[in-house]
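Everything below concerns the one structure shown next.
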Amino acid sequence: MSITDLMLDRLPDNAVSKLQKFDRFWEAYRQQPQKTPSIVDENKSLLSDNHCDIAIAGGTLGIIIGCALQRRGWQVVLFEKGILRGRAQEWNIARRELEVLLELELLNELELESAIATEFNPARIGFLGGQDIWVRDVLNLGVDPIVLLDILKQKFLEKGGQIWEHTELKKAIVHPDGVAIHLLQENQGTLCLQSRLLIDAMGHFSPIAAQSRKGNSPDGICMVVGSCAKGIPPKDFGDLFYTFTPIQNAYQNFWEAFPARDGRTTYLFTYADLHPNRPNFYQLFEEYFHWLPQYQDVDLQELQLQRVLYGFFPSYKRSPLQTQWDRILQVGDSSGSQSPLSFGGFGAMIRHLGRLSDGISEALQCNLLSRRDLRLLQPYQPNLSVTWLFQQAMRLPIGKTCDPQAINDLLAVAFQTMGNLSDRTLKTFLQDVVQFPTLSQTMIGMMLADPVLVAKIAARVGLPALIDWSQHFIQLGSYDLCNRLSHNWANGIRNLLPEQQYALNCQINAWKYGSGMDYSD
């Protein structure tokens, strides 16, 4: 019996069978080409009546933006395929990022504190052969999703919002004056909900997003396995980005670890693609359990698993995904509004919550719901696009060889350079924020620190990738400049027509977020 079987047999609910089922899904997902759903259609006839202003598909993160929009006075209906509830595993985030929930008055201080399960400092970054670096106040809060979503769910209902659980989207037909949303409701049969706007918050595997991408395969994959367990010696710090092994089997293992309410959470993740020779999740768990004793100084016999976690996160160079239809808007993971280095999810939704709730409200007020108008809410963001080169640098193509220590050496030089610049430089990058001044300084510092290593990495990723990165880097600089110049435009915006105000506000936000200048200490 394998080490994975032995460990997962300690858990209830056929954990091994569930993992095997997920691996079958992973194998099917890797088949080329991807299947293209046909869930959205268009019809030129008028609906003449709508039941609500906004329908949101996907409740786990959709309830967050749904609550913000309902509080602004819009009539929102949210539907979820299962039950709208949070998972047992905590979401890690920084306190500064959570402040938007207070600013939008979705939570008060006491409610926010009640949703925080754990808090720790500091966090470690370290790579085999390099020096450990320590930072504070980055991903150092563990938010309890069950508590947070229960609070938001109750407030959403109190404000007049509707939640339809056990309700699955079957078809969305876009009309000139609304969207006819055909649903299948458990024990109730089919029904049709008509809404002015449909928001897709169904995540990475949204059928609407899949249809919009026309079956195109992702350009990168982040594979993750992990667990929350008791029995690990207590540590009052976390790991944000850590390695202690070289490249093996054509991939580099990275680790994360966080204190949790019911033990310690540890993750092993790696960057990959859809090549058939990439590992499956059972094989990754074999790696995970093999190395975990060395990583956390624990005997597997003393480990008390609370739960295991696994999944993969696709990323596309064509992101954020701009809507292909009138009156449909993707948000969160279905839009790809995170860099290829991050998992997205809660953090990405929180980061854009204020911008999106303002923009959606303005679009509804002015009836600016065409695809052209809605695309302004998911603009090109060069600060996300420049990170594709970093993801490629941390991923070894199947069939190619390189120095087993190459990725560790690169990351050690990069983070040591950022640490020498400032604590703020480290914090922004670790929170998926890239800014032109700090990126420029980091690249120059790396070339001065180890020009041979930088040249080797550049040769491995190839000239086309470098040219593509250079274009996004130049755009990042232009967005930074435009963001600085736009600070004096507030008074002039008030004199414009409503549709002009909306377009300019969206453009200003595009410069702000696209340059990473939405981040503040």
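The values are calculated or read from the model by the stated rules, or taken from the named source; none is laboratory data. Being a predicted model, the structure only gives us computed values, none of them experimental. No Cβ is skipped: glycine too gets one built from the backbone with ideal geometry, and neighbour counts run over all protein chains shown. Quick note on the areas: whole protein, heavy atoms, side chains included, nothing else; ligands and nucleic acids left out. Shrake-Rupley method; radii C 1.70, N 1.55, O 1.52, S 1.80 Å.
Using Cα atoms only, what is the angle between the long axis of helix 281-296 and the major principal axis of the chain, expressed in degrees (0 to 90) to the nearest 10?
With both axes taken from Cα atoms, the answer is about 60 degrees.
Starting from the Cα gyration tensor of the stretch 4-46, take the square roots of the eigenvalues, sort them a ≥ b ≥ c, and report rounded, prolate or oblate (rounded when a/c is under 1.5, otherwise prolate if a/b is larger than b/c, else oblate). Let's see the in-between values first.
On the way: a/c = 9.06, a/b = 2.58, b/c = 3.51.
The shape class here is oblate.
Per residue of the stretch 22-34, what does 6.51 cos²θ - 1.76 cosθ + 1.60 with θ = phi - 60° give for ³J(HN,Hα)? Whole Hz please, x for Gly and Pro, Karplus curve as stated.
5, 5, 5, 5, 4, 5, 5, 5, 7, 5, 10, x, 5
Using alpha carbons only, how many degrees (0 to 90, rounded to 10) separate the axis of helix 451-461 from the longest principal axis of the chain?
Approximately 60 degrees, to the nearest ten.
Could you list the trypsin sites (Lys or Arg not before Pro) in the stretch 326-435 that lie in coil according to DSSP, counting only those with at most 12 other Cβ atoms within 10 Å of their Cβ?
Numbers: sites: Arg327, Arg351, Arg355, Arg371, Arg372, Arg375, Arg395, Lys400, Arg424, Lys427; in loops: Arg327, Arg395, Lys400.
Taking the stretch 326-435 and a limit of 12 other Cβ atoms within 10 Å, the loop trypsin sites (Lys or Arg not before Pro) found are Lys400.
Pull up all non-local amide H partners of Phe127: gap of 5 or more, or a different chain, and H-to-H distance under 5 Å with H placed in the peptide plane.
Counting only residues 5 or more places away or on other chains, the set is Thr243.
Return the carbon/sulfur percentage of the accessible area of the stretch 178-224, one whole number, probe 1.4 Å, all protein chains in place.
On the way: 760 of 1620 Å².
Carbon plus sulfur share of accessible area: 47 percent.
Out of residues 5 or more away from Ala117 or on other chains, whose amide H comes under 5 Å of its own, with H placed 1.01 Å from N in the peptide plane?
Here the answer is Gly142, Val143, Asp144, since their amide H atoms fall under 5 Å of that of Ala117.
Using the Karplus curve 6.51 cos²θ - 1.76 cosθ + 1.60 with θ = phi - 60°, work out ³J(HN,Hα) for each residue of the stretch 103-116 in order, rounded to whole Hz, and write x for Gly and Pro.
4, 8, 6, 7, 9, 9, 4, 5, 5, 5, 5, 5, 8, 8
Which percent of Cα pairs goes in each bin when the distances of the chain are cut into 10 angstrom slices starting at zero?
Reading the bins upward from 0: 4, 17, 29, 28, 17, 5, 0, 0.
Per residue, how large is the accessible surface of the chain? Use a 1.4 angstrom probe and give square angstrom. Could you put the intermediate results ahead of the total?
Numbers: 21930 Å² over 521 residues.
Ligands and nucleic acids excluded, the result is 42 Å² per residue.
Sort the stretch 17-176 into rounded, prolate or oblate with this rule: let a ≥ b ≥ c be the square roots of the eigenvalues of the Cα gyration tensor; rounded if a/c is under 1.5, and if a/c is not under 1.5, prolate when a/b is larger than b/c, oblate otherwise.
Values: a/c = 2.34, a/b = 1.29, b/c = 1.80.
Oblate.
Determine the dipole magnitude for the chain: charges of +1 sit on the beta-carbon of Lys and Arg, -1 on that of Asp and Glu, nothing else is charged, the reference point is the Cα centre, and the result goes in debye to the nearest 20. Before the final figure, lay out each step's value.
Numbers: 47 positive and 55 negative charges, 251 e Å.
The dipole magnitude comes to about 1200 debye.
With a Förster radius of 60 Å, plug the Cβ-Cβ distance of Gln248 and Leu157 into 1/(1 + (r/R0)^6) and report the FRET value to the nearest 0.05.
Working: r = 51 Å, r/R0 = 0.84.
Once rounded, the FRET efficiency stands at 0.75.
Once amide H atoms are placed 1.01 Å from N in the peptide plane, what residues at a sequence separation of 5 or more from Gly238, or on another chain, have their amide H within under 5 Å of its amide H?
Ala123, Arg124
Mind checking the dipole of the stretch 337-387: about its Cα centre, +1 per Lys or Arg Cβ, -1 per Asp or Glu Cβ, Debye to the nearest 20? Walk me through the numbers before you get to the answer.
Numbers: 5 positive and 3 negative charges, 27 e Å.
Here the stretch 337-387 has a charge dipole of around 140 debye.
How big is the dipole moment of the stretch 395-457 about its Cα centre under a simple scheme where the beta carbon of each Lys and Arg is +1, that of each Asp and Glu is -1, and everything else is neutral? Debye, nearest 20, please.
Working: 5 positive and 5 negative charges, 28 e Å.
For this selection, approximately 140 debye.
Sum -39500 (n - 2.57) across every DSSP H segment of at least 4 residues in the chain, then divide by the residue count to get the 222 nm mean residue ellipticity, nearest 500. Present the calculation step by step, with values, prior to reporting the outcome.
Details: 20 runs with 210 residues, N = 521.
It lands at -12000 deg cm²/dmol.
Just subtract the alpha-carbon distance of His51 and Leu191 from 0.36 nm times their residue separation and send over the number in nm, one decimal.
On the way: separation 140, 0.36 × 140 = 50.40 nm, distance 1.23 nm.
Net length gain for the segment: 49.2 nm.
Tell me which GluC sites (Glu not before Pro) from the stretch 160-252 have a DSSP coil assignment and no more than 13 other beta carbons within 10 Å of their own. Display every interim value, and only then the final one.
Values: sites: Glu165, Glu168, Glu186; in loops: Glu165, Glu186.
Listed in order of number, the matching sites are Glu186.
Per the Kirkwood formula on distinct C-alpha pairs, the Rh of the stretch 284-387 is how many angstrom? The partial results should precede the final answer.
On the way: mean 1/r = 0.0604 Å⁻¹.
After inverting the pairwise mean of 1/r, the radius is 16.6 Å.
Find how many whole Å separate the alpha carbon centroid of the stretch 358-375 from the alpha carbon centroid of the stretch 471-521.
17 Å
For the stretch 103-152, what is the relative contact order in percent, using Cα pairs closer than 8 Å and at least 6 residues apart in sequence? Display every interim value, and only then the final one.
On the way: 50 pairs, mean separation 20.6, N = 50.
About 41 percent, as a whole number.
Report the one residue of Leu107, His166, Ile125 whose Cα lies farthest in the direction of the positive end of the charge dipole of the stretch 106-201 (charges on C-beta: Lys and Arg +1, Asp and Glu -1; origin at the Cα centre).
His166
Which shape class, rounded, prolate or oblate, goes with the stretch 201-290 when its Cα gyration tensor gives a ≥ b ≥ c as root eigenvalues, a/c under 1.5 marks rounded, and past that a/b bigger than b/c marks prolate? Kindly include the intermediate steps, with their values, before the conclusion.
Working: a/c = 2.62, a/b = 1.57, b/c = 1.67.
Oblate.
With contacts defined as alpha carbon pairs under 8 Å and 6 or more residues apart, what's the relative contact order of the chain in percent?
On the way: 956 pairs, mean separation 83.9, N = 521.
Once divided by the residue count of the chain, the mean separation gives 16 percent.
Between Arg372 and Trp489, what FRET efficiency comes out of the Förster formula 1/(1 + (r/R0)^6) with R0 = 22 Å and r the beta carbon distance, rounded to 0.05? Display every interim value, and only then the final one.
Details: r = 22 Å, r/R0 = 1.01.
Efficiency for this residue pair is about 0.50.
Set Lys and Arg Cβ to +1 and Asp and Glu Cβ to -1, take the dipole of the chain about its Cα centre, and tell me which of Gln70, Gln381, Phe237 lies farthest positive.
The residue sitting most towards the positive pole is Gln381.
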